[in-house]
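Here the structure comes first, spelled out in structure tokens, and everything after it is commentary.
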Amino acid sequence: MSVAFLFPGQGSQHQGMLHDLPACASTAVTLEEASRILSRDIFELDSEVALRSTVVAQLALLITEVVYGRALISEGAVPNMVGGLSVGSYAAAVIADSLDLSSALTLVRLRGELMEKVFPHGHGMVAITGLDEKQVSALVAEITSRGAPIFLANVNAPRQIVVSGALAGLEKLMEKVRLAGGSKAQRLDVAVPSHCQLLNPIAEELDRAAAGISLRDPKYVYVGNRSGRPLRDSVSVREDLVSNVAHTVRWHDATTLMFELGARLFLELPPGCVLTKLAATSFPEARAIACAGSRVDFIAQLIRKYHQLKRL
Amino acid sequence: MRNGRLPKGAHLRSSWSTRRQKKAERIAAARNFADGQILAQETIVQALETLVLPGDRVAIEGNNQKQADFLSRALAQADSQKLHDLHLLISSVSRPEHLDLFEHGIARKIDFAYAGPQSLRMAQLLEDRRLEIGAIHTYVELYARMFIDLIPNVALVCAAQGDRQGNLFTGPNTEDTPTIVEAAGFSSGIVIAQVNEIVDELPRVDIPGSWVDYVVKADRPFAIEPLFTRDPRHIHEVNILMAMMVIRGIYERHGVLSLNHGVGFDTAAIELLLPTYAGSLGLKGKICRHWALNPHPTLIPAIETGWVESVHCFGSELGMEEYLAARSDLFFTGRDGSLRSNRVLAQLAGQYGIDLFIGSTLQMDGDANSSTVTLGRLAGFGGAPNMGHDPHGRRHASPAWLSLIKGNSDVARGKKLVVQMLETYQKGGVPAFVESLDAVKVGRDAGMPIAPIMIYGDDVTHVVTEEGVAYLYKAIDLGERRSALAAIAGVTPVGLRHDPKRTEKLRRDGLVAFPEDLGIHPVEAKRSLLAAKSIEDLVAWSGGLYKPPARFRSW
């Protein structure tokens with residue numbers, strides 16, 4: 001049975017997360033490398049104040065996820081496939097040995113900086129529950145306008161969909177969700193309208209920045225955010241990393257694909273637990289576990305056990 | 001071509017046995033991988049690269065139960081430089097490597113019946129133009145085509161045991177093997193069977209060795225899923241209410257003696273109400289005596305209490321083997337004592353031999369067309385549509401079949417009962433009755449010639465929801481049919497169309513029955529009516545002969 005590593009995105013960060021990393025040789029090496037590249041003390045990144053910055057939150061997530069993923073691999077507990085939600089895909093690419101940590105840090109820092117800069121105010125994201133993609137798309141098409149555009153941003157589950165764009169449009173959307181039969185429409189605590197074409201300029205800049213970076217074919221199947229497809233070569237991984245910020249994240253498709261490819265153990269790397277709940281709901285036949293708070297050797301043993309159960 | 005002369009330029013074919021000759025060439029080329037009829041496990045990939053040629057039509061045995069997975073995994077490891085453009089025939093695309101074959105460029109085209117477990121990848125590969133679909137069939141149609149215009153060049157099948165002469169023993173899971181082997185084996189195709197073990201003496205011969213070219217011992221026993229086991233713990237009171245309405249309003253009313261049940265908690269509830277609720281109505285011997293059915297563990301209490309006279313099975317069910325062997329009066333068994341199943345024959349029996357098909361669905365439109373297809377997925381059909389229709393070629397009569405005759409024409413014929421069960425709302429508050437089926441959009445998006453409808457409304461004779469029963473076959477026109485369906489569709493978009501006055505008339509005329517019209521009080525629909533409330537209870541009913549797979553054991 002195959003094992004999938006899931007890498008959480010922004011929203012999963014919490015205070016003190018870098019102070020709770022597994023104590024093993026690979027951790028020290030990773031932290032030292034990160035400090036050198038960012039030229040700052042890693043342990044300052046996870047204070048409540050520091051994490052308010054998009055740049056810091058994204059970097060802290062990247063580092064935490066890579067540290068934990070490497071700790072598992074050093075125990076011989078490897079995944080068959082990896083996938084990250086939004087910024088989580090950078091850690092996924094590092095763990096799949098497609099992207100160097102140093103390049104990942106540089107790109108994620110730039111990504112965060114651009115996101116903070118381009119949309120200082122007037123935009124946001126809304127999470128809708130109880131309506132399916134067809135229904136949400138119809139509402140979005142009805143409401144969006146040139147002055148206040150909104151877009152389908154994430155399809156996290158068949159009835160958990162995030163829309164991003166201009167606040168004026170999002171407010172109209174929230175009013176209509178109830179009438180259309182939805183159960184909830186909630187503003188997310190983010191100022192950036194992620195995963196829509198408003199962020200095309202950021203994707204273009206990331207594309208330029210990534211021009212000098214060489215990627216390798218991923219060691220494990222890398223599942224793309226944008227297409228929900230298995231990506232097996234460096235060119236497609238690169239394309240997914242630089243462009244996912246400006247496209248709908250098809251997370252439900254991505255994890256369904258993993259299930260269809262044989263994943264029966266979904267492991268969400270720290271500090272997240274949201275992706276675990278999504279996977280547990282969508283795939284009752286599989287096991288979904290959040291690693292946060294668990295010992296590495298325990299999780300590693302579980303992974304090795306799944307690799308021995310080679311039924312699929 | 002006047003006066004028996006050939007047109008100018010025509011010439012006679014020089015050989016009429018080219019297929020046989022080509023087969024001989026392939027077998028000669030593969031001699032290094034074989035010892036007589038036994039292929040070596042270690043070199044199976046090279047053997048397949050030699051025996052299969054680019055462009056071949058390859059039937060891979062795989063249904064919703066057993067899978068020739070050693071051979072499909074081996075084929076997916078082939079070098080796509082050597083092996084490409086294969087046209088696969090797979091009844092159920094259930095395994096990751098079935099579609100890896102397309103990702104790796106080994107296969108190009110597929111004809112299939114069901115792809116539920118790989119339905120997203122199927123849709124993606126189609127969209128990315130890495131896969132072409134010949135057609136989405138029902139099981140029987142796909143096998144029918146294997147004898148007409150989709151004759152396989154190679155068949156990859158599985159069995160429990162084989163001997164050095166190529167004889168195969170399938171055990172209880174005979175299923176599709178004889179059909180696929182026949183289609184390839186008698187048309188100069190190459191038949192390769194993976195077996196769990198090679199033995200000197202087989203318990204019985206399910207496939208004679210002269211139909212089989214090669215046997216190979218698999219690295220592990222063939223994959224198999226317990227697909228027909230439903231844990232009675234998950235049957236809730238709405239399932240029970242609907243089951244009571246089916247028993248009173250359909251089985252008793254029409255005297256249904258022979259039938260097929262789809263798989264699901266609705267039909268499991270019916271099975272578990274036979275010894276209790278139906279027994280209290282004095283229906284034993286009057287309904288449900290003959291079955292075309294997989295060995296559902298939930299049928300055990302009805303069997304043990306003497307309701308069931310015969311069961312013919314499509315396949316077996318994991319854990320039921322010993323129980324079936326010990327009930328050979330009811331089940332088809334071989335000389336060795338174990339079950340003999342056969343999917344095509346059971347499908348044929350389920351079309352022509354029975355009074356009624358009943359199954360659950362997820363989505364139904366106002367005309368009673370139904371489908372379980374959802375957006376962005378290409379899941380196909382499986383076997384339900386084969387039995388969920390009225391076979392117009394039927395000539396023999398039975399009381400239930402005759403009871404559906406309308407009017408008094410001299411040449412009237414009866415009708416098979418095709419019953420659909422669904423709750424008006426699915427989990428998560430999604431209405432089950434809709435204006436337009438998702439299947440319509442899926443069909444359009446995928447460029448399919450027709451929408452993937454599971455059961456056509458004009459075949460459906462009865463619909464049962466928690467609100468009541470609609471006797472659609474009685475409707476005199478489409479308008480009356482729609483009204484009868486709307487009357488039991490609750491507060492869904494279809495149900496909201498109903499006119500209360502018209503509904504009262506439909507009840508008087510017998511086109512609609514609410515629970516009270518059938519003498520059922522919804523408060524009576526309790527779990528205490530179930531003959532077994534858990535898997536443990538089923539094991540106890542079987543006297544310990546049923547051995548449920550680990551995933552169903554909670555004790």
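The values are calculated or read from the model by the stated rules, or taken from the named source; none is laboratory data. Remember, predicted model here, so these are calculated numbers, not experimental data. Note that we place each Cβ from the backbone using ideal geometry, even for glycine, and neighbour counts take in every protein chain shown. The protein model used for the area step is the full one, side chains on, heavy atoms only, and it has no ligands, DNA or RNA in it. Shrake-Rupley method; radii C 1.70, N 1.55, O 1.52, S 1.80 Å.
Considering only residues in segment A:156-185 that are in a strand (DSSP E or B) and over 20 Å from A:E142 (Cβ atoms), the one that is least open to solvent (accessible area, probe 1.4 Å) turns out to be A:A157.
Criterion first (within 14 Å of chain B (Cβ to nearest Cβ) and surrounded by fewer than 17 Cβ atoms within 10 Å (Cβ to Cβ)) does A:R232 satisfy it? Criteria met by A:R232. The C-beta contact set for segment B:498-523 (first residue more than 19 Å from B:D367 (Cα to Cα), second residue among the small types (G, A, S), distance under 6 angstrom, 6+ apart or interchain) comprises B:F514/B:G468; B:L518/B:G249.
Just the residues that are closer than 22 Å to B:G209 by Cβ and under 32 Å from the mean Cα position of the chain (by Cα), please, taken from segment B:48-73. B:L48, B:L51, B:V52, B:V58, B:A59, B:I60, B:E61, B:K66, B:A68, B:F70, B:L71 - these are the residues of segment B:48-73 that are closer than 22 Å to B:G209 by Cβ and under 32 Å from the mean Cα position of the chain (by Cα). Considering segment B:444-478, and only residues there that are small (G, A, S) and farther than 17 Å from B:T492 by Cβ, the residue that is farthest from the chain's Cα centre (by Cα) turns out to be B:A475.
Note on segment B:93-145: residues that are assigned to a strand (DSSP E or B) and either within 13 Å of chain A (Cβ to nearest Cβ) or of a type in the set (D, E) (or both) total 2.
Yes/no per residue for (1) surrounded by fewer than 21 Cβ atoms within 10 Å (Cβ to Cβ); (2) in contact with a Lys or Arg (Cβ under 8 Å, 6 or more places away or on another chain); (3) touching a residue at least 24 places away in the same chain (Cβ under 8 Å); (4) closer than 25 Å to A:S282 by Cβ:
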| site | (1), (2), (3), (4) |
| --- | --- |
| B:D355 | no, yes, yes, no |
| B:S360 | no, no, yes, yes |
| B:V373 | no, no, yes, yes |
| B:M387 | no, no, yes, no |
| B:S409 | yes, no, no, no |
| B:E435 | yes, no, yes, no |
| B:T465 | no, no, yes, no |
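Just so you know, in segment B:282-307 the residues that are open to solvent by 10 Å² or more (accessible area, probe 1.4 Å) and of a type in the set (V, I, T) include one that is farthest from the chain's Cα centre (by Cα), and it is B:T305.
Every residue, every condition in (1) assigned by TED's automatic domain parsing to the domain that holds B:A346; (2) surrounded by fewer than 18 Cβ atoms within 10 Å (Cβ to Cβ); (3) closer than 23 Å to B:Q347 by Cα, yes or no:
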{"residue": "B:Y114", "(1), (2), (3)": "no, no, yes"}
{"residue": "B:R121", "(1), (2), (3)": "no, no, no"}
{"residue": "B:R130", "(1), (2), (3)": "no, yes, no"}
{"residue": "B:L142", "(1), (2), (3)": "no, no, yes"}
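Sort out which residues of segment B:43-75 are in a helix (DSSP H, G or I), among the hydroxyl-bearing types (S, T, Y) and surrounded by fewer than 24 Cβ atoms within 10 Å (Cβ to Cβ), and write them in order of number. Within segment B:43-75, just B:T50 meets the criteria.
Name the one entry in A:A211, A:A153 that is within 23 Å of the chain's Cα centre (by Cα) and buried (at least 17 other Cβ atoms within 10 Å of the Cβ).
A:A153
Scoring B:G414 on the criteria (1) in a strand (DSSP E or B); (2) touching a Leu at 6+ places or on another chain (Cβ under 7 Å) leaves a single failure, condition (1). Close contacts from segment A:284-298, counting a first residue that is touching a residue at least 24 places away in the same chain (Cβ under 8 Å) and a second that is open to solvent by 30 Å² or more (accessible area, probe 1.4 Å), with Cβ to Cβ under 6 Å and a gap of 6+ residues or different chains, come to A:A286/A:R264.
Of the helices (runs of 4 or more DSSP H) entirely within segment A:27-144, those holding at least 1 residues that are under 20 Å from the mean Cα position of the chain (by Cα), of a type in the set (S, T, N, Q) and surrounded by fewer than 16 Cβ atoms within 10 Å (Cβ to Cβ) occupy A:101-118. Can you find a residue in segment B:28-41 that is in contact (Cβ under 8 Å) with a residue 24 or more places away in the chain, under 23 Å from B:V195 (Cα atoms), open to solvent by less than 40 Å² (accessible area, probe 1.4 Å) and assigned to a helix (DSSP H, G or I)? Taking every residue of segment B:28-41 in turn, none turns out to be in contact (Cβ under 8 Å) with a residue 24 or more places away in the chain, under 23 Å from B:V195 (Cα atoms), open to solvent by less than 40 Å² (accessible area, probe 1.4 Å) and assigned to a helix (DSSP H, G or I). Scan segment B:162-171 for residues that are closer than 16 Å to B:S316 by Cβ and crowded, with 24+ Cβ neighbours inside 10 Å and the total you get is 3.
Could you tell me whether A:V78 is β-branched (V, I, T), more than 14 Å from chain B (Cβ to nearest Cβ) and closer than 30 Å to A:R40 by Cβ? Considered against the rule, which asks whether it is β-branched (V, I, T), more than 14 Å from chain B (Cβ to nearest Cβ) and closer than 30 Å to A:R40 by Cβ, A:V78 comes out as no. Within segment B:523-553, being buried (at least 16 other Cβ atoms within 10 Å of the Cβ) and either modelled with pLDDT under 95 or of a type in the set (A, V, I, L, M) (or both) holds for B:A525, B:L529, B:L530, B:A531, B:A532, B:I535, B:L538, B:V539, B:L545, B:F552. Only residues that are in contact with a Ser or Thr (Cβ under 8 Å, 6 or more places away or on another chain), closer than 28 Å to B:D336 by Cα and open to solvent by 10 Å² or more (accessible area, probe 1.4 Å) were counted in segment B:144-161, giving 1. Only one of the numbered conditions (1) out of contact with any Cys (no Cβ under 6 Å at 6 or more places or on another chain); (2) buried (at least 23 other Cβ atoms within 10 Å of the Cβ); (3) touching a residue at least 40 places away in the same chain (Cβ under 8 Å); (4) not hydrophobic (A, V, I, L, M, F, W, C) is violated by B:Q194, and that is (1).
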